[in-house]
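Asks: Before I ask anything, let me first share the structure, which is written out below as C-alpha cells.
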C-alpha cells in the first residue's frame, strides 16, 4: 500500500532534500527513506506539502493536468474591493496567459491556527492588509502571488492550507504526519483516473542522496 505523509513546510525551506549551497531543505526535518515531494512549494511560501513513495500518486497530485484543487491562505497588501475579488474569481491576465477561474473568499481576521512566521513579514504602518482564501486548479510558477499582484494587491504571506480534501489542520511548522491506510485509500479513490505513460513514470522519482 502506498504511503502519504503531510508536512508543514516552514518559510525559507527548499522543497528538495539536497542543496549544494547549504540552504535549509526537507532533509533538515524529514528522515523517512524513499518518499518524495508531490509537487513544489516556493522557498518563501509555507504550509502543506505531500510526500509519497508512489510514483503514480506523486504525479496525480502534482501534475496540473489533473486539476486537483489547492487552497491557500493569502495575506495581501491593502483591502481588495469587490471588483478585485471578482477579477481573481473570473481569471486575470498574466504574462503566460489568462488564469482559470478561482474560488476566492475574504477571511475575517486571521486564519484559524495561524502561527508566527520566522522572520515576520514587513508591515507598513500606513497600509492596511487582509487575508484571502484562494483555491486554484492549475500550477503555474508563483501563480497566486502573480494573481494578487495583477489586481493591485501584492502577496505578503502565502500558506498552502489544503490539497484536495487534505488539510493542514493541527500540523505545526516543521511537523510530519503519516496518513493512516484508510485515509490513503480515500485520497487515491478521490483522484481522477488517467493513464500514465511508462516514460512519465520513470521521470517521477529523483535519486536522493542520504
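Asks: Going by the structure shown, is residue 103 surrounded by fewer than 16 Cβ atoms within 10 Å (Cβ to Cβ), touching a helix residue (DSSP H, G or I) at 6+ places or on another chain (Cβ under 6 Å) and outside the structural domain of residue 46 (by TED's automatic domain parsing)?
Replies: Criteria not met by residue 103.
Asks: Sticking with this one: Only one residue in 140, 124, 146 is touching a residue at least 24 places away in the same chain (Cβ under 8 Å), in a loop (DSSP other than H, G, I, E, B) and surrounded by 13 or more Cβ atoms within 10 Å (Cβ to Cβ). Which one?
Replies: 140
Asks: Among the candidates 132, 88, 114, single out the residue that is surrounded by 10 or more Cβ atoms within 10 Å (Cβ to Cβ) and in a loop (DSSP other than H, G, I, E, B).
Replies: The unique qualifying residue is 114.
Asks: How many residues are within 13 Å of residue 160 (Cβ to Cβ) and either assigned to a loop (DSSP other than H, G, I, E, B) or in contact (Cβ under 8 Å) with a residue 60 or more places away in the chain (or both) if we restrict to region 14-42?
Replies: Of the residues in that region, 6 qualify.
Asks: Considering each residue of region 158-186, count those that are assigned to a helix (DSSP H, G or I) and either in contact with a strand residue (DSSP E or B) (Cβ under 6 Å, 6 or more places away or on another chain) or not assigned by TED's automatic domain parsing to the domain that holds residue 26 (or both), and give that number.
Replies: Within region 158-186, residues that are assigned to a helix (DSSP H, G or I) and either in contact with a strand residue (DSSP E or B) (Cβ under 6 Å, 6 or more places away or on another chain) or not assigned by TED's automatic domain parsing to the domain that holds residue 26 (or both) number 1.
Asks: One residue is enough: does region 62-73 have a residue meeting the conditions loosely packed, with under 13 Cβ neighbours inside 10 Å and at pLDDT 95 or above?
Replies: So far as region 62-73 goes, no, none of its residues is loosely packed, with under 13 Cβ neighbours inside 10 Å and at pLDDT 95 or above.
Asks: If we scan region 166-186, do we find a residue that is surrounded by 17 or more Cβ atoms within 10 Å (Cβ to Cβ) and modelled with pLDDT under 90?
Replies: Yes, that holds for at least one residue.
The values are calculated or read from the model by the stated rules, or taken from the named source; none is laboratory data. In this text the structure is predicted, and so the values were computed from the model without any measurement. Note that we place each Cβ from the backbone using ideal geometry, even for glycine, and neighbour counts take in every protein chain shown.
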